[in-house]
Amino acid sequence: MKKLGIGLAGVGRMGRIHAIDLVSRCARAGLACVYDADGERAAALAAQLDVPVAASFEELLERAEAVAIATPTGTHAELSVAAARAGLPVFCEKPVSLDRATTVATIEAVETAGVPFQVGFHRRFDPDWVAAAERIAAGELGDVTLFRTSLRDMNPPDPAYLAGSGGFFVDVTVHDLDVARWLVGEVVEVSAHGTASDPAFAELGDIDTAVVVLRFANGALGVIDNSRGARYGYECSTEVMGTLATARIDNPHRRGLEWRTPGMAARDLVRDFEERYPYAYAAELDAFADCVRTGIPPRVTGQDALAAFDLAVAADESWRTGRPVAVKQGDSA
């Protein structure tokens, strides 16, 4: 089957990952062309990968069968709506917007256009998490009693990045909140605590370390710990305890090699999310292509993105007020 020709908007770090996957790793999705507001950067990547470059987003829409949006967050909503109104399916990196009303309006516009809309929560496509989710859904875990997850970056970002990040919980914890809903169920209460070990974060009114406690509608409890600067490496681990079994995902190693010397066993660690998720990022784009080709619903919808965003906002409110925040159930929009 011919690969779905995806036009990629945005060739920053995440965009480059998607571009390389579309050229080399994806089985059912391909790279039709690239576009970036920085034309020289787009041209350089296009030359490197031997793909066409579009001079404008409008030209990208004309060249592609579908669109992947990895531009700065502030442009996600506008570009998603423009692509949908042009009749093209949309894959959009999270978050859809840092503004809830804009997120809702974008989801409604895409639904009105009647095109597939998938949001980039990559862990839902990682083989480890997928295997755990399937067995939990099949009842092998029994009733979930405890959810625990950690997301720790090796090195903190440049403080200048924080201005457009949406804050710690929207930028970092939102991934864990999406996994919590996916593996366990809806969250009814969020309680968050945060601190800034780096004064640069405190000066910007943000944090770099947090613990979030969740209460689920089914009675289960959840704990999330996050850090922007763990220093030792990148770690993303999850554990789900149930009445029949426990699922644990913890694979921060780059290779299977363990080097042993007297009294010591050493293994290397991955440095960032790009090293940890080489298969997930390609799989989510292939899954998007499947949605377009077959009509099956996306595994991560706009409503999923909105629900995770709402939980992240609740966590931010809890951190700032020092009180637990109840989360309303029902239609997120």
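The values are calculated or read from the model by the stated rules, or taken from the named source; none is laboratory data. Keep in mind it's a predicted model, so treat the numbers as computed, not measured. Glycine gets a Cβ as well: all are built from the backbone with ideal geometry, and neighbour counts include every protein chain shown. All accessible areas refer to the heavy atoms of the entire protein, side chains included, with ligands and DNA or RNA removed. Shrake-Rupley method; radii C 1.70, N 1.55, O 1.52, S 1.80 Å.
Computed 3J(HN,Hα) for region 150-164, one whole-Hz value per residue from the Karplus formula 6.51 cos²θ - 1.76 cosθ + 1.60 where θ = phi - 60°, is 10, 9, 10, 7, 5, 10, x, x, 4, x, 4, 5, 5, 4, x, glycine and proline marked x.
Applying a DSSP loop filter and a limit of 13 other Cβ atoms within 10 Å to the GluC sites (Glu not before Pro) in region 227-332 leaves E258.
Calculated accessible area for the chain comes out at 45 Å² per residue, all protein chains present (probe 1.4 Å; ligands, DNA, RNA ignored).
Carbon and sulfur together cover what percent of the accessible area of the chain at a 1.4 Å probe radius? Mind dumping the intermediate values first?
Values: 7870 of 15030 Å².
Here it works out to 52 percent.
In plain terms, the C-alpha convex hull of region 1-157 casts an average shadow of 12.0 nm² when viewed from every direction. Expressed in units of 2.2 N^0.38 Å, where N is the residue count, the Cα radius of gyration of region 241-333 is 1.63. Sorting T149, T73 by solvent-accessible area of protein heavy atoms yields T73, T149, largest first, with a 1.4 Å probe. Solvent exposure of D290, expressed as accessible area, is near 40 Å², computed with a probe of 1.4 Å over the protein chains only. Here each label is just a point 7 Å from Cα along the line to Cβ, and for K3 and E111 those points are 3.4 nm apart.
For W259, W319, write out the residues from largest to smallest accessible area, computed with a 1.4 angstrom probe and no ligands counted.
W259, W319
Computed from phi, the 3J(HN,Hα) profile of region 232-247 under the Karplus parametrisation 6.51, -1.76, 1.60 (θ = phi - 60°) reads 7, x, 9, 10, 9, 10, 9, 9, 10, 9, x, 6, 10, 6, 10, 9 Hz, with x in place of Gly and Pro. Here r is the Cβ-Cβ distance between A138 and L257 and R0 is 35 Å; the resulting FRET efficiency, rounded to 0.05, is 0.55.
In the assembled protein chains, M14 presents an accessible area of approximately 40 Å² (probe radius 1.4 Å).
A simple rule links phi to the HN-Hα coupling: the Karplus curve 6.51 cos²θ - 1.76 cosθ + 1.60 with θ = phi - 60°, which for region 26-33 gives 6, 8, 10, 10, x, 9, 7, 5 Hz, with x for Gly and Pro. Accessible-area rank, largest first, for K328, K2, K94: K328, K2, K94, with all protein chains present and a 1.4 angstrom probe.
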